[in-house]
Amino acid sequence: MEQKGRLQRLVAKDVQPPDPARIRVLRGHQLPVTCLVISPDDRFIFSSSKDGSLIKCKWEVDSGKRLCVVPGGKKGTEERHMGHASHVLCMAISSDGKYLATGDRNKLIMIWDAATCKRLHIFTGHRDAVSVSCGRWAWCLWGQAAVSSLISITAVLCLSICPQGLSFRKGTHQLYSASHDRCVKVWDVAENAYVETLFGHQDIITGLDSLSRECCVTSGGRDGTVRLWKIPEESQLVFSGHQGSIDCIQLINEEHMVSGADDGSLALWGLTKKKPLALARQAHGEQDSQGLQQPYWISAVAALRNSDLLATGSHSGSVKLWKCGEGFRKLEHLLDIPLVWMDGQVGFVNSLKFSAAGDFLVAGVGQEHRYCPPSLVLPRIAASPSSDSCWRVIPPISLIHRLGRWWRIKEAKNSICIIPLKQKTTAPSPESPGSS
């Protein structure tokens, strides 16, 4: 059922607005948070940033205790220094929780022991940044209980090739990576081996995801496409529907995925259809700047696996929850989770992850978009665990959009937000267990 994408938890209709007082904010990154992952057992949160440090924290409601800190180093010191020497743009954790992978602006992919934060190996081979961000960096692991107005009119093209996406195939140690060099690479982490490279995108790859099948999906930035890569056949399917740069993507199940773009649109896809099954334009609304109405970019998307619940982030001041309705043919807005309650203006939500159990959402926030300032500029127009029915959501928040599109919100706080999601309690059925 799960392999065919037919196993679905219908939970969206029961989600209630969280109590703002229960939303926990973890700080420690000095520069914008770019990405995060949650351990498969929902006990720890790993996050990365542009500040050059690695922090491992135990998710504790009261303390958010840090378990490990790996500082960043200077470029060229990677062999002597355990951490990255550039912005960390993406990360992934294996489904058994054994390996953590991080990718940076210096084209490197580092493999870590997730339990000890000891670096095990460095993969090289990408000719540009390993996708999803670009300076100094930091990554953190946070533990379970702690679970301007300027509109850019320039499009960016980074000349340095950075990894822009990482994902472990579920149930294996096979790792997929995507980069500014427009290619997807396959690695065997257990054997420290390179497997193959796939080509097809016409612009930098901005996001990547995979589940248990031997395939992955990617978003191609300004080439305007989403692609499904069939690894054994070395073939690809091309999907189109957004009008702007496609910045983020995630699989919902083995048959459906969701993506977001800088034109403000949110798209719901079926892997057998080349066009979106549903499209929500201006999903986070519009902003006024110098008399121009521009949509808020969709900077992060998250899906509670094998369910009908989605989350999106931008710099609009809130995380939005969505329901996939009518057999994945409709996107229904459920509620907004305001993040402006923090001390200062909210920044860019650069990463969003649901816990595996679906009881919280994590958001990574930064002063900047997760992507870095470009080398070349082209013209452009531009419930609590103690409650019987509680869901928690954790998003990373940053002062800057992770892609760094010439926009900085100085008042924002670089942070990790852990958001509990309450679920409606349903009255017991009057029917007996044996009745039909």
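Checking the structure you have, find out if any residue of segment 284-306 is buried (at least 22 other Cβ atoms within 10 Å of the Cβ) and of a type in the set (S, T, N, Q). Among the residues of segment 284-306, at least one is buried (at least 22 other Cβ atoms within 10 Å of the Cβ) and of a type in the set (S, T, N, Q), which makes the answer yes.
Screening the candidates Leu211, Leu175 for the property of being open to solvent by less than 30 Å² (accessible area, probe 1.4 Å) and in a strand (DSSP E or B) yields one hit, Leu175. Restricting attention to segment 24-41 and to residues that are at pLDDT 90 or above and part of a loop (DSSP other than H, G, I, E, B), the residue that is surrounded by the most Cβ atoms within 10 Å (Cβ to Cβ) turns out to be Ser39. The set of residues from segment 189-208 being of a type outside the set (D, E, K, R), surrounded by fewer than 20 Cβ atoms within 10 Å (Cβ to Cβ) and in a strand (DSSP E or B) comprises Ala193, Tyr194, Val195, Thr197, Phe199. Taking the criterion of being open to solvent by 10 Å² or more (accessible area, probe 1.4 Å), aliphatic (A, V, I, L, M) and at pLDDT below 90, the only residue of segment 315-341 that qualifies is Val340.
Results for (1) over 30 Å from Gln287 (Cβ atoms); (2) open to solvent by less than 40 Å² (accessible area, probe 1.4 Å); (3) modelled with pLDDT of 90 or more, shown as yes or no for each residue.
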{"position": "Ile122", "(1), (2), (3)": "yes, yes, yes"}
{"position": "Gly143", "(1), (2), (3)": "yes, yes, no"}
{"position": "Gln164", "(1), (2), (3)": "no, yes, no"}
{"position": "Trp187", "(1), (2), (3)": "yes, yes, yes"}
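Do you know which of the residues in segment 214-233 that are under 13 Å from Arg169 (Cα atoms) and among the aliphatic types (A, V, I, L, M) is surrounded by the most Cβ atoms within 10 Å (Cβ to Cβ)? That would be Val217. For segment 261-298, the set of residues classified as farther than 21 Å from Leu228 by Cβ and among the hydrophobic types (A, V, I, L, M, F, W, C) consists of Ala280, Ala283, Leu292, Trp297, listed by residue number. Of all the residues in segment 270-283, those that are open to solvent by 20 Å² or more (accessible area, probe 1.4 Å) and either touching a Lys or Arg at 6+ places or on another chain (Cβ under 6 Å) or in a strand (DSSP E or B) (or both) number 2.
The values are calculated or read from the model by the stated rules, or taken from the named source; none is laboratory data. Keep in mind that this is a model prediction, so the values were computed, not measured. Please note: Cβ atoms are built from the backbone with ideal geometry, for glycine as well, and neighbour counts cover all protein chains shown. With ligands, DNA and RNA removed, areas are computed over all heavy atoms of the protein, side chains included. Shrake-Rupley method; radii C 1.70, N 1.55, O 1.52, S 1.80 Å.
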